[in-house]
């Protein structure tokens, strides 16, 4: 069971957020959120400690008053208020008109107001309603502001993520323990998912494959167990944080090239963990990965849009992130800070060609002395099963 967040944790998050607001000259911050796995749900979880399984919301954080929330569900708004982190919660399917009405009532009718989620979460229609209802307000994007605040995890968050990784490894080991030919992919995935759910998981995403490049949600078909079985889980834990973990079960001896590629990438992983200190950028870590692969005799193919690293917290993909393809992959090449957490999975097309890539996937924490592996010894090498 994850350590529970308290009102003290909420106050520290608000303190850091308001400090960033002051630096940006904001009189208030509007946080847009939605019950979406990949992005947006974490914005509201961060300030409410409520796991939003659906619905859209707008949270207003004044510079000197208590936050208030409008959510597109009356029932869920009541549940959020009962949680106690934000007690003024209204339910209304017409989010923007109700939020504008509340801002008028509280005197937030002029000045500079940031909107976090302006780029990917808030709808154009709701943005236009807010601008029309509050014409004296200067609305500005605050996506970077909130993403940078959230990117640095508190000591409690780090403990919660570590607990989640313990659960994730237990779930994955259950998959390995029950893996045998003839059982269906769905049945095997259910065995691992049952462990995660019993440990408090809120959402689970799983992929499985027995053919190179063909890794999909589990199918209603028996596993063959005659080559490689790759199983990948992304788990949202009780605290709202996410993990990503992969296992490679080999029912044959891995080829020399597969072993060589694995060892090269593990050397790169170790080098990056030593390098990943405050002040370094993700692009520098990506260069280390590429240079290590070249030093080990691999010729690299064209850069791709696959993430080398992406922030991971209460949304499974958070900023900053990096991919090899330019300029797309360098759009948030922020300087690393202690307390940031990332999902690590750099990949490159290599020559000579290797059918099965490594599938290395782990979460790392940036510390003052280097990256700490949240997998705490998770072995990425091929598990040869006799």
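Stretched out straight at 0.36 nm per residue, the stretch from residue 300 to residue 270 would grow longer than its current Cα-Cα span by 8.8 nm.
Restricting attention to the chain, close to 80% of DSSP beta bridges with both partner residues there are antiparallel. Taking only the Cα atoms of the range 155-384, the radius of gyration and Dmax are 17.3, 51 Å. Of 219, 156, the sequence from fewest to most neighbouring Cβ atoms within 10 angstrom is 219, 156. The distance separating the Cα centre of the range 39-60 from that of the range 175-189 comes to 35 Å. Modelled spin labels at residue 226 and residue 349, positioned 7 Å past Cα toward Cβ, are 3.0 nm from each other. What distance in nm separates the simple spin-label points at residue 82 and residue 187, each placed 7 Å from Cα in the Cβ direction? In this crude label model, residue 82 to residue 187 measures out at 4.0 nm.
Comparing 286, 270, 151 in a Gaussian network model of the chain (Cα springs below 10 Å), the most mobile by mean-square fluctuation is 270. Computed on the chain, with alpha-carbon pairs under 8 angstrom and 6+ residues apart, the relative contact order is 14 percent. For helix 256-275, what angle does its Cα long axis make with the longest principal axis of the chain, in degrees from 0 to 90 and rounded to 10? Approximately 40 degrees, to the nearest ten.
Paramagnetic label reach from residue 335 (point 7 Å along Cα→Cβ; backbone nitrogen cut-off under 19 Å): within the range 116-159, residues 144-153. Indicate the gyration tensor shape class of the range 1-114 (rounded, prolate or oblate), computed on the Cα atoms with a ≥ b ≥ c the square roots of the eigenvalues: a/c under 1.5 is rounded; otherwise a/b larger than b/c is prolate and the rest oblate. In terms of gyration-tensor shape, oblate.
Does the range 73-117 classify as rounded, prolate or oblate by the C-alpha gyration tensor (a ≥ b ≥ c root eigenvalues; a/c under 1.5 gives rounded; else a/b over b/c gives prolate, otherwise oblate)? Cα axes put the range 73-117 in the prolate bin.
Which angle from 0 to 90°, rounded to the nearest 10, does the C-alpha axis of helix 95-105 make with the longest principal axis of the chain? So the inclination is approximately 40 degrees. Compared with the dominant Cα axis of the chain, that is its longest principal axis, helix 74-83 is turned about 80°. Only Cα pairs within less than 10 Å get springs; with that Gaussian network setup on the chain, which residue of 185, 148, 12 has the largest fluctuation? Result for the chain, Cα springs under 10 Å: 12 fluctuates most.
Antiparallel versus total DSSP beta bridges in the range 7-151: what percent is that, nearest 5?
50 percent
Note on residue 24/residue 154: beta-carbon distance plugged into 1/(1 + (r/R0)^6) with R0 of 22 Å gives a FRET efficiency of 0.55. Between residue 277 and residue 75, how high is the FRET efficiency from 1/(1 + (r/R0)^6) when r is the Cβ-Cβ distance and R₀ = 51 Å? Nearest 0.05. About 0.65, to the nearest 0.05. Once the Cα-Cα distance is subtracted from the 0.36 nm per residue extended length, the residue 112 to residue 259 segment shows a gain of 47.3 nm.
With neighbours defined as other Cβ atoms within 10 Å of a residue's Cβ, the residues 283, 353 order from fewest to most as 353, 283. With the helix formula -39500 (n - 2.57) applied to DSSP H stretches of n ≥ 4, the chain reaches a computed 222 nm mean residue ellipticity of -11500 deg cm²/dmol.
Once mean projected area of the Cα convex hull in nm² is calculated for the structure shown, the corresponding label among [x] 32.2; [y] 17.9; [z] 19.3 turns out to be [z].
Look at 341, 6 and count the other Cβ atoms within 10 Å of each Cβ; fewest to most, that gives 6, 341. GNM on the chain, alpha-carbon springs under 10 angstrom: the most fluctuating residue among 106, 299, 287 is 106.
The numbers here are math on the coordinates, done by the rules we state, and not lab data. Only a predicted model underlies this, so the values are computations on that prediction, with no experimental measurement involved. Cβ coordinates were reconstructed from backbone atoms using ideal geometry, including for glycine residues, and neighbour counts include every protein chain displayed.
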